[in-house]
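Participant: Pasting in a structure now, in structure tokens, and then I'll have a few things to ask.
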Amino acid sequence: MMAREFRHFLHDIIYAITAIETAIAGKSFEDYQNDTMLKLGLERAVEIISEASRHIPEHLRSTRPEIPWPKVRGIGNVLRHEYHGLSDRIIWAVIEDELPRLRIAIEAIQQSAGPA
């Protein structure tokens with residue numbers, strides 16, 4: 001099996017963000033709080049984004065300083081190891097406030113990196 005190239009991880013991030021956007025379309029914070037499978041699915045997608053972000057080369061991450069890359073990488077660990085202390089409000093805020101900016105940054109990185 002060939003090693004995955006960083007462009008594959010960029011694709012994984014966009015895929016996960018798109019899945020989140022689809023899942024929350026027309027949904028409120030209360031819907032999120034009351035739907036266990038929605039919560040678990042969104043948390044898993046955020047974990048994927050976190051893990052994939054670790055594979056973006058530093059020289060590309062540095063082109064998007066508006067993204068808090070250490071926090072993007074770190075939220076996956078929080079979800080895996082400290083999930084019991086993470087509030088619904090924090091995850092919902094990440095999804096609503098941070099992911100749209102991350103999508104813009106990742107799409108820009110994809111553009112600058114060119115095709116695989």
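The values are calculated or read from the model by the stated rules, or taken from the named source; none is laboratory data. These figures come from a predicted structure and were not determined experimentally. Neighbour counts are summed over all protein chains in view; Cβ atoms, including those assigned to glycine, are modelled from backbone coordinates with ideal geometry.
Participant: Does A105 satisfy the condition of being under 11 Å from the mean Cα position of the chain (by Cα), within 22 Å of R4 (Cβ to Cβ) and modelled with pLDDT of 95 or more?
Facilitator: no
Participant: Within region 1-16, does at least one residue satisfy the condition of being touching a residue at least 12 places away in the same chain (Cβ under 8 Å), part of a helix (DSSP H, G or I) and in contact with a Gly (Cβ under 9 Å, 6 or more places away or on another chain)?
Facilitator: Checked against the condition, which is being touching a residue at least 12 places away in the same chain (Cβ under 8 Å), part of a helix (DSSP H, G or I) and in contact with a Gly (Cβ under 9 Å, 6 or more places away or on another chain), region 1-16 yields at least one hit.
Participant: Sticking with this structure for a sec: For region 44-59: of the residues being β-branched (V, I, T) and out of contact with any Asp or Glu (no Cβ under 7 Å at 6 or more places or on another chain), which is surrounded by the most Cβ atoms within 10 Å (Cβ to Cβ)?
Facilitator: The qualifying residue surrounded by the most Cβ atoms within 10 Å (Cβ to Cβ) is I49.
Participant: Also, quick follow-up: Would you confirm whether or not region 106-116 contains a residue that is without any contact (Cβ under 8 Å) to a residue 12 or more places away in the chain and polar (S, T, N, Q)?
Facilitator: Taking every residue of region 106-116 in turn, at least one turns out to be without any contact (Cβ under 8 Å) to a residue 12 or more places away in the chain and polar (S, T, N, Q).
Participant: For region 75-93, indicate whether the set of residues that are at pLDDT 95 or above, within 20 Å of R4 (Cβ to Cβ) and not acidic (D, E) is non-empty.
Facilitator: No.
Participant: Filter region 6-37 down to the residues that are crowded, with 16+ Cβ neighbours inside 10 Å and more than 26 Å from A113 (Cα to Cα) and list them by number.
Facilitator: Hits for region 6-37 are A23, I24, Y32.
Participant: If only one of I49, I56 is at pLDDT 95 or above, out of contact with any Pro (no Cβ under 6 Å at 6 or more places or on another chain) and part of a helix (DSSP H, G or I), which one is it?
Facilitator: I49
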